[in-house]
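No lab work stands behind these numbers, since they all come straight from the coordinates. Every value quoted in this text rests on a predicted model; they were computed, and no experiment measured them. Don't worry about glycine lacking a Cβ; one is built from the backbone with ideal geometry, like all the others, and counts go over all protein chains shown.
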Amino acid sequence: MAKDIITAENVHLYYGQKEALHGISLGFPEKEITALIGPSGSGKSTFIRTLNRMSDLNPEVTVTGAIRLDGEDIYSPKTDTVELRKRVGMVFQQPNPFPFSVYDNVTYGLRLSGIKDKALLDQRVEESLKQAAVWDETKDHLKENALSFSGGQQQRICIARVLAVQPEIILLDEPTSALDPVSSAKVEDSLLAIKDQFTIAVVTHNMQQASRISDQTAFFLDGNLVEFSKTVDMFTHPEKQETSDYLNGKFG
């Protein structure tokens, strides 16, 4: 069994006085894909944003409990959030490339880190775009505005932008929900191709997607973690009635 690289222990999250997450404890095994499923409003996107402190960006939010990355509490006052978000990268639901060239998008985080070596930047651009399965479509267009590409290509450019800084963990919040089925399949293929190098957590509404790409699945409902197990076990023999009802389309 792979060791957990990041673990949540009794995580509660509040928007003002309203409790949105009710004591989530969950570990993410290294170099595997974990899917977070559940109906809208179940807390899965809220939870994933606690893992790299994106939730800090909302001043209304309070998080209690502990989240440990390689044993270190990421909510410690000593944590450098810029460094944390390099180690724990995030890809959002809507493709959000910056309005400049593909090359400048992919090298953005590297330049912020002070890397100026052109040969190294060139190498990381090619490596990252290949890992994100979008090199063939962009290699002759690296100087073109990333916004001129299709939605699916933009999303893979965003994945490459995260990969370029060589994170340990990649969080993806509904990364294919804005895409057509062909583009979605390409994003799924790119995730499967890189999972031996990165730990990946994917929030998805798509049951088929969760069953196709993930090693384990966490089912969220009303801000609670209802069930967590190997994906094949959950989809064939869910332990909880609520999980079975959700997987069978009775609500959601």
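Overview of values
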item: Furthest towards positive pole of dipole, Y75, V134, A2, structure part the range 1-149, Cβ charges; result: Y75
item: For the chain, built as a Gaussian network whose Cα springs stay under 10 Å, the top-fluctuating residue of L192, L57, L84; result: L57
item: Nearest-ten-degree value, helix 151-164 long axis tilted from longest Cα axis of the chain; result: 90 degrees
item: Principal-axis tilt of helix 118-131 within the chain, Cα atoms, nearest 10 degrees; result: 50 degrees
item: Fewest-first sequence of M207, M90 by Cβ atoms within 10 Å of each Cβ; result: M207, M90
item: Sequence-distant residues sharing a close amide H with M90 (under 5 Å, placed H); result: L171
item: Cα long-axis angle, helix 181-194 against the chain (0 to 90 degrees, to the nearest 10); result: 90 degrees
item: Zero-based 10 Å bins, Cα pair distances in the range 194-252, whole percents; result: 21, 58, 18, 3
item: Likely footprinting exposure, F198, F47, fewest C-beta neighbours within 10 Å first; result: F198, F47
item: Ascending count of other beta-carbon atoms within 10 Å, so fewest first, for V162, V202; result: V162, V202
item: Gap separating the Cα centres of the range 222-252 and the range 121-185, nearest whole Å; result: 31 Å
item: For the range 1-122, diffusion coefficient by Stokes-Einstein and Kirkwood Rh (Cα), 20 °C, 1.002 mPa s, µm²/s; result: 131 µm²/s
item: Over the chain: Rg over Rh, Cα atoms, Kirkwood Rh; result: 0.97
item: Length released on extending from V82 to A119, taking residue separation times 0.36 nm less the Cα-Cα span; result: 10.9 nm
item: Antiparallel DSSP beta bridges within the chain, percent to nearest 5; result: 60 percent
item: Restraint check, K130/K250; K18/K230; K3/K130; K86/K139; K78/K139, Cα-Cα greater than 29 Å; result: K130/K250; K18/K230; K78/K139
item: Column: log10 I(q)/I(0), Debye, Cα scatterers of the range 106-249, q = 0.15 Å⁻¹; result: -0.80
item: The range 12-73: radius of gyration and largest Cα-Cα distance (Dmax), Å; result: 12.1, 36
item: Filtered trypsin sites (Lys or Arg not before Pro), the range 5-88: DSSP coil and at most 12 other beta carbons within 10 Å; result: K78
item: 10 Å Cβ shell holding at most 16 others, DSSP loop, GluC sites (Glu not before Pro): longest site-free stretch of the chain; result: 145-238
